[in-house]
Amino acid sequence: MRLADKVAIITGSAQGIGKGTAKLFAQEGAKVVVADIDATRGPETVEEIRAAGGEAAFVHTDVEQEDAIKEMVRFAIDRYGKLNVLMNNAYWNKGGTVVDLERADWDKSVNVMVRAVYLGSKHAIPHLIQAGGGSIINTASVHGYLAAARSAAYEASKAAVINLSREIAVDFGPQGIRCNAICPGWIITERGEEMLKRHPEAYDRNIQFYPVRRGGRPIDIAYGALFLASDESTFVTGHALVIDGGLTCWLQDSLGYHLEGYFKGQTQ
Ligand SMILES: NC(=O)c1ccc[n+]([C@@H]2O[C@H](COP(=O)([O-])OP(=O)(O)OC[C@H]3O[C@@H](n4cnc5c(N)ncnc54)[C@H](O)[C@@H]3O)[C@@H](O)[C@H]2O)c1
């Protein structure tokens, strides 16, 4: 029970990484507010948590709307009396280069992935301070460090989330607030499974880029978030925790040799 007596809000927790984290947090004793725009899958996440003996509640939240974010925080306080952890995790993105991305799609991507981190933190921090301190966890990405093709809004947003996390850590550390980012590599969520159904060959190809030779699962990120949410990490703040199976730890030219099979028998 590493989160016994803690109250946590997780945005974008109707599915994927957020859902996996909500389930683990509840299993470790937290009361979890599942905040999501998806009014079907969100309550299903809550039902799953309750069926496993945990405590959770759903609040319908569009993180693009400041009023909805205020209501999300208010809901947690009304329901559970306090707030200890906020995980800003919701995801919406439109791919494209800076030339072909429509401005409305850029705005929506950045609103959901960055502005919502600002607004969620803005409205949660006073309550975290009131609770004697707290932990903010922002889901960034390895794309916050390195660039992929045709992904302008995503790359910009995730880099912003990493440095905004450091900035919040600096500003509110003296008041007991810790703020960290998590940078996942490829995590196979429900969305990823749909993609793999369409392109089953992609899995074997993609895992060649991962020294651990597998794709990640939501639970891999949930364990990192659990550490950052718990009192085990009270000396950890302003950190960007890369959880990527080694994707970003090897040089691309040596990766090229590996893919070409130059070192066959040595690197497998
Ligand atoms: N899956 C990966 O491979 C991967 C890799 C690196 C980083 N990430 C990051 O992890 C986080 C979660 O990603 P995921 O793959 O689990 O996503 P997902 O698409 O499986 O889930 C995203 C959730 O966000 C919700 N959402 C979308 N718009 C919203 C809004 N306006 N308000 C509230 N909720 C909204 C969706 O309903 C959904 O439940 C994201 O920040 C993503 O960038 C994911």
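Give me the pairs: first residue in region 227-241 and free of Cβ contacts under 8 Å to residues at least 24 places away in the same chain, second residue not acidic (Asp, Glu), beta-carbon distance under 7 Å, and six or more apart or on different chains, which are they?
Here the result reads PHE227/SER233, each pair linking region 227-241 to a residue that is not acidic (Asp, Glu).
Go through region 63-118 residue by residue and tally those that are of a type in the set (Lys, Arg) and surrounded by 21 or more Cβ atoms within 10 Å (Cβ to Cβ).
Summing the residues that are of a type in the set (Lys, Arg) and surrounded by 21 or more Cβ atoms within 10 Å (Cβ to Cβ) in region 63-118 gives 0.
Here is a list of conditions, (1) in contact with a Pro (Cβ under 6 Å, 6 or more places away or on another chain); (2) surrounded by fewer than 20 Cβ atoms within 10 Å (Cβ to Cβ), and ILE221 meets all of them except one; can you say which number that is?
(2)
Given the structure, is HIS127 at pLDDT 95 or above, more than 23 Å from ASP38 (Cβ to Cβ), away from the ligand (no atom under 14 Å from the Cβ) and assigned to a helix (DSSP H, G or I)?
The answer is yes for HIS127.
Per-residue answers, yes or no, for (1) farther than 18 Å from GLY238 by Cβ; (2) within 18 Å of the chain's Cα centre (by Cα); (3) within 12 Å of the ligand (Cβ to nearest atom):
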{"residue": "TYR118", "(1), (2), (3)": "no, yes, no"}
{"residue": "SER135", "(1), (2), (3)": "no, yes, no"}
{"residue": "TYR145", "(1), (2), (3)": "no, yes, yes"}
{"residue": "ALA152", "(1), (2), (3)": "yes, no, no"}
{"residue": "ALA156", "(1), (2), (3)": "yes, yes, no"}
{"residue": "ARG166", "(1), (2), (3)": "no, yes, no"}
{"residue": "PHE172", "(1), (2), (3)": "no, no, no"}
{"residue": "GLY185", "(1), (2), (3)": "yes, yes, yes"}
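Out of the helices (runs of 4 or more DSSP H) lying entirely within region 190-268, which hold 3 or more residues that are under 30 Å from ASP5 (Cβ atoms) and within 12 Å of the ligand (Cβ to nearest atom)?
Those helices (runs of 4 or more DSSP H) span 218-229.
The values are calculated or read from the model by the stated rules, or taken from the named source; none is laboratory data. Note that the structure is a prediction, hence the values are computed from the model and not measured. A quick note on method: Cβ atoms are made from the backbone with ideal geometry, for glycine too, and the neighbour counts reach across all protein chains shown.
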